[in-house]
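The values are calculated or read from the model by the stated rules, or taken from the named source; none is laboratory data. On a predicted model such as this, the values are computed, not experimentally measured, just so you know. With ideal geometry, Cβ positions are generated from the backbone for all residues, glycine too; neighbour counts draw on all protein chains shown.
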């Protein structure tokens, strides 16, 4: 069977073959750029016309078939046309079969997301999370009310049923530390603190985020310090307002936190380091990184490297002058400041849009998040079990995923954590119907979501065992349109949302 998870890649090759042959027939010309002239939206049609034989030929493109067909282009055109008439319908029927999911796929309706308590609706995750130290939950788009509510209910269930101790979010690291102070009773609540639950969207505050940290605070007050849950941010920066230039101050947040600690444990060194760093941090806030002089960029890189080394040399002394937790927080801030500098120097994610450069290196952001998650687990100790909440593209278990900002894509955090934790972690995705095309190359997944009996429902891929029709259909699905890996390999379960609603504001109650 030639129509499988790699069909779109082959289809591109087939499309170019047909373009080459038809171009030769109607307008003979050895000019090879015609191979790249086929619009992407015509490739599925050409793929169907070509039929299985064309797909097989496409699969052999890299083995020299393309050159052979070019040399024998007139004979090849007649041969492909005749063969397609005989077998094209077979290819079409196979393509249609892939567009409609098997009705035997087991689903689990999630109907009480807005409730403030966990229910047995979440029991479908029991086999996935049993004994796992780490669970990744990824949403297909930020700011969806049902996704945020599902996160809250799942975390409550994991804490109450499976003994999870921590939630770590795709938000700024130091922002997360301030939220953690609140959930453990060390500070009061205000709207700016709610925004820090997901600082990427700041200054917006979502009601579901407020509910999350309120539940955590109430839980901790009830169970006491020994069984308290904690909140962490895993982003080196975590604020989109820096990207659009609306507010560049978050770029110095981690460095400032590290320097503030230095002032406390060694005032003399703190003053000297503040004098060294202040002009560089000011430049980072006042202008785009690309506009900072090369001399100042180099000085920033050297200063942050020296700062990290200083923390490492003084670990024992400074821990004794403060505490293990305070030192670790400050040291992690120094590392995040250095990671941000590395990302900016490599024209990475936080460097902002660059339409003229399609080869940007986006890997540092996910590498830093993965490293921060590992640090969180270290802080939690032997009993630590962590739920990580991020965008699904960061959470997936694929070697490399696509991104609109760079043709290179990036190595996801989920893949990097899988390399370390293997079977000691699970991944659950969340996909809204309107974003299904990002995860599947035709309308099959959207049709499956829209046919669901509930507005929000889940599929546990482990339950496909013994159901060959359903299992085969899901195995043909493509992750993020690049068709390198089936969705069943990228995640262990997926929660689907049929009609996504905008997240409700914590202050107005209206959608943002």
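Check whether at least one residue in the range 340-360 is over 30 Å from residue 291 (Cα atoms) and buried (at least 18 other Cβ atoms within 10 Å of the Cβ), and report yes or no. If you could, list the steps in order and put the result at the bottom.
As a first pass, look at the range 340-360 and keep what is over 30 Å from residue 291 (Cα atoms): none.
Checking the range 340-360: not a single residue is over 30 Å from residue 291 (Cα atoms) and buried (at least 18 other Cβ atoms within 10 Å of the Cβ).
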I'd like to check which helices (runs of 4 or more DSSP H) are fully inside the range 206-283 and have at least 3 residues that are at positive phi.
none
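Tell me, which helices (runs of 4 or more DSSP H) wholly within the range 373-467 include 2 or more residues that are under 19 Å from the mean Cα position of the chain (by Cα) and in contact (Cβ under 8 Å) with a residue 12 or more places away in the chain? Walk me through it before giving the result.
On the way: elements: 392-395, 413-421, 444-450.
The qualifying helices (runs of 4 or more DSSP H) are 392-395, 413-421.
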How about the range 304-333: which of its residues are within 18 Å of residue 237 (Cα to Cα) and either modelled with pLDDT under 95 or surrounded by fewer than 19 Cβ atoms within 10 Å (Cβ to Cβ) (or both)?
305, 308, 328
Scan (1) surrounded by fewer than 24 Cβ atoms within 10 Å (Cβ to Cβ); (2) free of Cβ contacts under 8 Å to residues at least 40 places away in the same chain for the single condition residue 207 breaks and write down its number.
(2)
With 169, 158, 137, 148 as the choices, which residue is touching a helix residue (DSSP H, G or I) at 6+ places or on another chain (Cβ under 7 Å), under 25 Å from residue 505 (Cα atoms) and not in a strand (DSSP E or B)?
148
Is it the case, given these coordinates, that residue 121 is surrounded by fewer than 22 Cβ atoms within 10 Å (Cβ to Cβ), in contact with a strand residue (DSSP E or B) (Cβ under 8 Å, 6 or more places away or on another chain) and closer than 17 Å to residue 455 by Cα?
yes
Please give the number of the condition residue 162 fails out of (1) modelled with pLDDT of 95 or more; (2) under 19 Å from residue 439 (Cβ atoms); (3) surrounded by fewer than 24 Cβ atoms within 10 Å (Cβ to Cβ).
(2)
